[in-house]
Amino acid sequence: MRVLSGIQPTGNLHLGNYLGAIRNWVKMQDEMDADSQCFFFLADMHSITVHEAREQRIRNVRDMAAALVAAGIDPDRSVLFNQARVPAHAELCWLLNGTARIGWLNRMTQFKDKAGKDREGASVGLFVYPVLQAADILAYNATHVPVGEDQKQHLELARDIAAKFNSDFGVDLFTLPDPIIPKESARIMSLRDGSAKMSKSDPSDMSRINLTDDDDAIMAKVKKAKSDQEMLPETAAGLAGRPEASNLVGILATLTARTPDAVCAEFAGKGFGAFKPALGEVLVETLRPIRQRFLELRTDDAALDAILDKGAAKAAAAAEPTLRAAYDAMGLMR
């Protein structure tokens, strides 16, 4: 089993990233047997579809590395690296551009969402973004990829590209990756709008809990989080039509490894004046050690670069046989 997943280094991690993905990465890492391996990468090459100053991009990569290690990713047990340090990603992406089809890419809903009405003004990189994602996965012959709902379509594209390449060139080179949809994955919504995902791009900092927020900031954000005037029901079914209430209950349930029904049972008949302080305390205790470790790590650029260099060397060695075989299959002398 070879698991691969990545995250864009576009600023600090927030609670949605941690509960929705990173905590599950750590769990998978910790449960891997001796014959299996996890690859976790910082998608800095994907990040160039949005203009960013050089120094800011470098800082973001280092900060994201520090945040992942602080959250529990162990560079000695998992392969942690950034794309730009492993040229195989870019090389294989170009080779796969000969296999991917414009019709396939035209169906990608994320491009339509991000480009909006200005399709002509969008970068070519944004359009072929899913091909680079396929290269990220196929370079390592990953068997499993943790995905959320918004990435299922891109994984299906990676499988289509792999199957067509294998068929076109008469090889059995690329593994068709399977999705991992963790049972404990959580969809964390904005603290200001229960119908929108918690996001780094939301202009309101009050919409999210950043992993860098101190104890007081966490408590303040929870207390000011949008809720409603109704009492909490005995079961989660009673939260229907109450998106903000459902989100807050879901966060506490995820943090405490309970069901929403169990959380509702504890607070049944109580209002959010009683619920929010309890949620805030659990958040503070959960995030404090991650924040403290992150603040220690981010001050040592040399140590962070050493971690990424070490991971990149492992990743490059793992990708090289596949990349070499892809060149050979296509009749390209390298």
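The values are calculated or read from the model by the stated rules, or taken from the named source; none is laboratory data. Quick caveat: nothing in here was measured; it's all calculated off a predicted structure. For neighbour counting, all protein chains shown are included, and Cβ atoms are generated from backbone atoms with ideal geometry for every residue, glycine included.
Of the numbered criteria (1) in a helix (DSSP H, G or I); (2) within 23 Å of the chain's Cα centre (by Cα); (3) farther than 30 Å from LEU95 by Cβ, the one ALA257 fails is (1). Among residues of segment 236-250 that are within 12 Å of LYS226 (Cβ to Cβ), those with a Cβ under 7 angstrom from a residue that is of a type in the set (Lys, Arg), sequence gap 6+ or separate chain, pair up as GLU244/LYS226. As for segment 300-312, it holds at least one residue that is in contact (Cβ under 8 Å) with a residue 40 or more places away in the chain, out of contact with any Lys or Arg (no Cβ under 7 Å at 6 or more places or on another chain) and of a type in the set (Gly, Ala, Ser). When residues in segment 17-51 are screened for being surrounded by fewer than 16 Cβ atoms within 10 Å (Cβ to Cβ) and closer than 14 Å to LYS200 by Cβ, 1 of them pass.
Here LEU176 passes the criteria (1) touching a residue at least 60 places away in the same chain (Cβ under 8 Å); (2) assigned to a loop (DSSP other than H, G, I, E, B); (3) assigned by TED's automatic domain parsing to the domain that holds ALA71; (4) touching a Lys or Arg at 6+ places or on another chain (Cβ under 9 Å) except the one numbered (1).
Applying the criterion of being of a type outside the set (A, V, I, L, M) and touching a residue at least 60 places away in the same chain (Cβ under 8 Å) to the residues of segment 119-128, the residue that is nearest to ASP160 (Cα to Cα) is GLY125. Picking from residues in segment 116-157 that are more than 21 Å from PHE39 (Cβ to Cβ) and of a type in the set (Gly, Ala, Ser), the one that is modelled with the lowest pLDDT is GLY116. Is it the case that some residue within segment 218-225 is outside any helix (DSSP H, G or I), closer than 19 Å to SER207 by Cα, of a type in the set (D, E, K, R) and without any contact (Cβ under 8 Å) to a residue 40 or more places away in the chain? Checked segment 218-225: no residue is outside any helix (DSSP H, G or I), closer than 19 Å to SER207 by Cα, of a type in the set (D, E, K, R) and without any contact (Cβ under 8 Å) to a residue 40 or more places away in the chain. Residues in segment 2-13 that are buried (at least 23 other Cβ atoms within 10 Å of the Cβ) and closer than 20 Å to SER204 by Cα: PRO9, LEU13. With respect to ALA142, is the statement that it is buried (at least 17 other Cβ atoms within 10 Å of the Cβ), among the aliphatic types (A, V, I, L, M) and part of a helix (DSSP H, G or I) true? The answer is no for ALA142. Within the set LEU308, LEU283, LEU287, the sole residue that is at pLDDT 95 or above, in a helix (DSSP H, G or I) and in contact with an Asp or Glu (Cβ under 8 Å, 6 or more places away or on another chain) turns out to be LEU287. Among the residues of segment 299-334, write down those that are crowded, with 19+ Cβ neighbours inside 10 Å and charged (D, E, K, R). Across segment 299-334, there are no qualifying residues. For segment 177-205, the set of residues classified as of a type in the set (A, V, I, L, M) and either within 12 Å of LEU283 (Cβ to Cβ) or crowded, with 16+ Cβ neighbours inside 10 Å (or both) consists of ILE180, ALA186, ILE188, MET189, LEU191, MET198, listed by residue number.
Results for (1) within 25 Å of PHE165 (Cβ to Cβ); (2) hydrophobic (A, V, I, L, M, F, W, C); (3) buried (at least 18 other Cβ atoms within 10 Å of the Cβ), shown as yes or no for each residue.
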site: GLY98; (1), (2), (3): yes, no, no
site: LEU105; (1), (2), (3): yes, yes, no
site: LYS112; (1), (2), (3): no, no, no
site: LYS117; (1), (2), (3): no, no, no
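Within segment 120-156, being over 20 Å from THR99 (Cβ atoms), small (Gly, Ala, Ser) and in contact with a helix residue (DSSP H, G or I) (Cβ under 7 Å, 6 or more places away or on another chain) holds for ALA122, SER123, GLY148.
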